[in-house]
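Colleague: After the structure tokens below, expect a handful of questions from me.
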Amino acid sequence: MNPALTQRFPGIRLGLIGGACLVLLSLIGMVEAFNQREIISDVISMGQTLLLLTAVFIGYLAAKRGRERGQGLVFGAGITAGLIMAGMLALLVLLGHAINMRQVFINASPALFQILIFQQEELWAGIGLLMLAGVLIGLSAALLCLLPHWLRRVITTGLCSVAVVGLLQDLIAPIFSAWDPLASLIELIFPGNGLSISGAVGLLIVVAALSAFWSFKGQAVQTRIQALPPQSRRGLNLAALLAGVIVLLVIPQVLGLFLSEVMTIVGLYVLLGLGLNIVVGFAGLLDLGYVAFFAIGSYTMAILTSPELGFFDWNFWQALPLAILFGVLAGVILGVPVLKMRGDYLAIATLGFGEIIRIMVLSDFLRPWLGGAQGIGKIPKAEIAGFEFATPQEIYYLILAGCALVGFISWRLRDSRLGRAWMAVREDEDVAQAMGINLVATKLLAFATGAGFSALSGAIFATKLGSVYPHSFNVMISINILCVIIVGGMGSMPGVAVGALALVGLPELLREFADYRLLVYGAALMAMMLLRPEGLWPEATRQRELHEEESVVRASKLAEGTAEPRS
Amino acid sequence: MAVVTITNLTKQFGGLVAIENLDIEVKEQSIHSVIGPNGAGKTTLFNCITGFYRPEIGDIRLDDHSLVGLMPDQIVRHGIARTYQNIRLFPDLTAMENILVGLHSHLRSGYFGIVLGLPATRKEEKKASEEALRLLKFVNLAGKGDLLAKNLPYGNQRRLEIARALATRPKVLCLDEPAAGMNPKESQDLMDFIRHLRDALGITILLIEHQMRVVMGISEKVTVLDYGKKIAEGTPAEVQCNPQVIEAYLGRGSATQPCAA
């Protein structure tokens, strides 16, 4: 490509990139698969939303690039990008009509092309419409670029929330229609598949108004909260915490069976994530064989409780401590040989360990004890005083209790001598040692703690499913958990919950995503690395009681007039 | 009385002899400098003392304990702390946390004490943060405890690194080129600070430094290394006049001028 040309018309390069993305999204079948779900009834489907969002985003980037070259180029660049993107899709449609591409691209179906040309009967009318859409997208992207920052934010927030609400209609509609006063409102907003037009507009206005309010008053509210005396601020934090706990406790009653099931899966990933967060996030030891401890917890639980094997006939609570203990022991056993390894080498060695456990479980040699490929079934449910944790709603509470326990332990450890030692090892192993930190003990404790949490999660997983199979413990689980903590924010505990909801919860809700799960993971990871490397909910630079003490000291000094105020 | 005694120390890397038959005695509460051209083996000496390298021959004693063969974390617990030539703080931890890591070996709370939040643990944490705040103040970083170490300006990072080393409550503090990259005013402040350190805390200071102004200004004894061997030792004035030293620094033929002192 001629560099001078792209210099003069900054929309060209981005337009080509965007067009390639759109063609790819279409050819891998995402557009067609997502088209079943309407975002706004009879107006726009999820597939179209996907294309539209991509196109507007690229158009916006192009317009921004154009504005850097001079005011006049904003519209030029935006519209050029829009036209090129539309043109590439049009070429795809024309090509599809001329020759049969389905030998190679099985998703290049007539249905896809109909979606791309807005279901027009006439091919050329559709193409014309597509090009027009390209121009309009470029135009609106350029306008978006010219708006003041706050207004752009208000508009994008509003539009994105409409998209999200439309996306999550299966989640939102059933929950709220259970409550009488809201039911009629919900019926108004969700008449059938997707939002109604009035519902979408209303939502847009409400969210935009809230967002506008926040962009003007948010700063003031935040400073006012900051200015509160520590006592009432602590009260406020406590109230927020209490509200969060109540919401967590009520959730399964509101969500119903299917969504509670989703929540139990998310909960298990939170448990696993909190454990891996200690190993990777705190201590910086990249462990890719983390699923092994999950398997060990599950299988210990199965062997000790299942009547199918007939070795033991323990109940859940008797077996649980042993399951965790075995996990911890396995953590130490893995830890010892890899103590001296760092970075990539550690990752490969732990990856191997994970596979060893899975293959052992799968082996015929150990079949009499571990069940081989058939797995172990008939694992009893957990039970307290006659109350059985059987349905997803009940198991949710079991997992919630586990998460609370593990979260509490993580939190205590993080702010302790041990947590600091882990973080020092993560930052610089040699210096940590030179500061008096025993590397062997510190690393083994990290491995053991993480493994214990993982085994706890595995034990609950076994009783939840009622059976365990080797294929539940493949390497993808380790990778998924790692993704959860990277997307959530390394070392951040709320980040684990957010990451699990986003990467595990959402795909369960959006059935259409199932086939594209790994693609979305990859894209999400890359986007995170580029746009927000610290994660969705990064660990704040912790301001602990120390800070308050320090400010007290400063205040008293100020009173004496000995210290100058900090700027 | 000697606090650190190095006898007959030899450290080789393959065929390269980095330190050869070195004997050094560091007097208690003295400021003892090690100088020499680049590659003379100064930092290797520090690495041997603090346990990162294991010397092939020879002994390093702190008071009556031999340090050879001990791990770095054991040596720091015996009372030798160090800073690094290129500052090596924990960049993503706050200044406070950096110092608290230095206090690590003086804290006793165990796993269960921490998880259960036992009173002893809480008390210990409180005392530790008080000490860390005191140290921050000591190195003139009061009020900067919540900043990430990587966000501190260069001079502050140097001082934070010293504070972190002091947190281990050392008998001997090894400073590896603390004045690197400092202007004359800053190195003057640093000299005053090092002297103050020694006087206020009663510790021994072992110093590697390239800025001769600093070395000659504060050292009580100077050891000169060249190609891993000791070529001179004495007071700053004695060393400055030593022809071998001048030759090592400036090349053969430079040592013809008689010394003014």
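FYI, it's all coordinate maths here, none of it is from the lab. Just so we're clear, the structure is a prediction, and the values are computed from it rather than from any experiment. Note that we place each Cβ from the backbone using ideal geometry, even for glycine, and neighbour counts take in every protein chain shown.
Colleague: Taking the Cβ-Cβ separation of A:ARG511 and B:LYS137 as r and a Förster radius of 45 Å, what is the calculated FRET efficiency to the nearest 0.05?
Modeller: In this case the efficiency is close to 0.15.
Colleague: Assuming 0.36 nm per residue, please report the length gained on full extension of the stretch A:LEU366 to A:GLN119 beyond their Cα-Cα distance.
Modeller: Gain on extension, A:LEU366 to A:GLN119, equals 83.1 nm.
Colleague: Quick check of the Kirkwood formula: for the protein assembly as shown, what is the inverse mean of 1/r over all pairs of different Cα atoms, in Å?
Modeller: Evaluated over the protein assembly as shown, this radius sits at 31.7 Å.
Colleague: Would you grab the residues whose amide H sits under 5 Å from the one on A:PHE389? Only those 5+ places off in sequence or on another chain, please, with H modelled 1.01 Å from N.
Modeller: So A:PHE389 has HN proximity to A:ALA382, A:GLU383, A:ILE384.
Colleague: Taking trypsin sites (Lys or Arg not before Pro) as candidate sites, keep only those in a DSSP loop with at most 15 other Cβ atoms within 10 Å, then name the longest stretch of chain B containing none of them.
Modeller: Excluding the exposed sites themselves, the longest stretch runs over B:109-251.
Colleague: Same structure, new question: Size of the range A:209-320 along its principal axes in angstrom, Cα-based, largest extent first?
Modeller: Projected onto the principal axes, the Cα atoms of the range A:209-320 cover 66, 39, 30 Å.
Colleague: Measure nothing but the geometry: give the 0 to 90° angle between the long axis through the Cα atoms of A:316-335 and the longest principal axis through the Cα atoms of chain A, rounded to 10°.
Modeller: Between the helix axis and the principal axis of chain A, the angle is about 80 degrees.
Colleague: Note the per residue figure in Å³ for the convex hull of the C-alpha positions in the range B:139-261.
Modeller: Cα convex hull per residue, to the nearest whole number: 135 Å³.
Colleague: Could you give me the ³J(HN,Hα) list for the range A:235-248, computed from phi with Karplus coefficients 6.51, -1.76, 1.60 and θ = phi - 60°, whole Hz, x at Gly and Pro?
Modeller: Couplings: x, 4, 4, 4, 4, 4, 4, 4, 4, x, 4, 4, 4, 4 Hz.
Colleague: Something else about it: Once you have the Cα-Cα distance between A:LYS378 and A:LEU465, take 0.36 nm times their residue separation minus that, and quote the gain in nm to one decimal.
Modeller: Stretched out fully, the A:LYS378 to A:LEU465 stretch lengthens by 30.4 nm.
Colleague: Gain in length, A:CYS160 to A:ASP313, computed as 0.36 nm per residue apart minus the alpha-carbon separation, to one decimal in nm?
Modeller: 49.8 nm
Colleague: In the range B:225-246, which residues have a backbone nitrogen under 17 Å from the label point lying 7 Å from B:ARG195's Cα in the Cα-to-Cβ direction?
Modeller: B:236-237, by backbone N distance to the label point.
Colleague: In the neighborhood of A:ARG37, defined by Cβ-to-Cβ distances under 10 Å, what is the net charge if each Lys or Arg adds +1 and each Asp or Glu adds -1?
Modeller: So the environment of A:ARG37 carries a net charge of -2.
Colleague: Treating only the Cβ atoms of Lys and Arg (+1) and Asp and Glu (-1) as charged, compute the dipole magnitude of the protein assembly as shown about its Cα centre; round to the nearest 20 debye.
Modeller: Computed about the Cα centre, the dipole is about 1280 debye.
Colleague: Could you tell me the ratio Rg/Rh of the range A:312-381? Both radii from Cα atoms, Rh via Kirkwood.
Modeller: 1.06
Colleague: Now for a separate question. What is the pair-distance distribution P(r) of the range A:153-227, computed from all Cα-Cα distances in 5 Å bins starting at 0, with each bin given as a whole percent?
Modeller: Percent of pairs per bin, in order: 3, 17, 20, 19, 15, 11, 9, 6, 1, 0.
Colleague: Return P(r) of chain B (all Cα-Cα pairs; 5 Å bins starting at 0; whole %; ordered from short to long distances).
Modeller: Here the calculated profile for chain B is 1, 6, 12, 16, 18, 16, 12, 9, 5, 3, 1, 1, 0, 0, 0.
Colleague: I would also like to ask the following. Could you tell me the extents of the range B:92-167's C-alpha atoms along the three principal axes, largest first, rounded to whole Å?
Modeller: Here the spans come out as 39, 22, 20 Å, largest first.
Colleague: Okay, next question. Say a paramagnetic label sat at a point 7 Å from the Cα of A:LEU188, along Cα to Cβ; which residues of the range A:194-237 have their backbone N under 16 Å from it?
Modeller: Flagged as within label range: A:195-207.
Colleague: Mind checking B:95-101 for the average number of partner chain beta-carbons within 10 Å of each residue's beta-carbon?
Modeller: 6
Colleague: Please give the Cα centre distance for the range A:464-536 versus the range A:187-229, rounded to the nearest Å.
Modeller: Between the Cα centres of the range A:464-536 and the range A:187-229 lies a distance of 28 Å.
Colleague: How much net charge surrounds A:LYS64 when only other residues with a Cβ under 14 Å from its Cβ are counted (Lys, Arg +1; Asp, Glu -1)?
Modeller: Combined, the nearby Lys, Arg, Asp and Glu give +4.
Colleague: Mind telling me which of B:GLU177, B:GLU130, B:GLU97 comes out most flexible in a GNM of chain B, alpha-carbon contacts under 10 Å?
Modeller: It is B:GLU130.
Colleague: May I pose another question? Provide the net charge surrounding B:THR168, with neighbours chosen by a C-beta distance below 11 Å and charges set as Lys +1, Arg +1, Asp -1, Glu -1.
Modeller: +4
Colleague: While we're looking at this one, here's another question. If you take the beta carbon distance between A:PHE57 and A:LEU241 as r and set R0 to 35 Å, what does 1/(1 + (r/R0)^6) give as a FRET efficiency, to the nearest 0.05?
Modeller: 0.45
Colleague: If one computes P(r) from the Cα atoms of the range B:22-141, what percent of pairs lie at distances over 20 Å?
Modeller: For the range B:22-141, the fraction of Cα-Cα distances above 20 Å is 58 percent.
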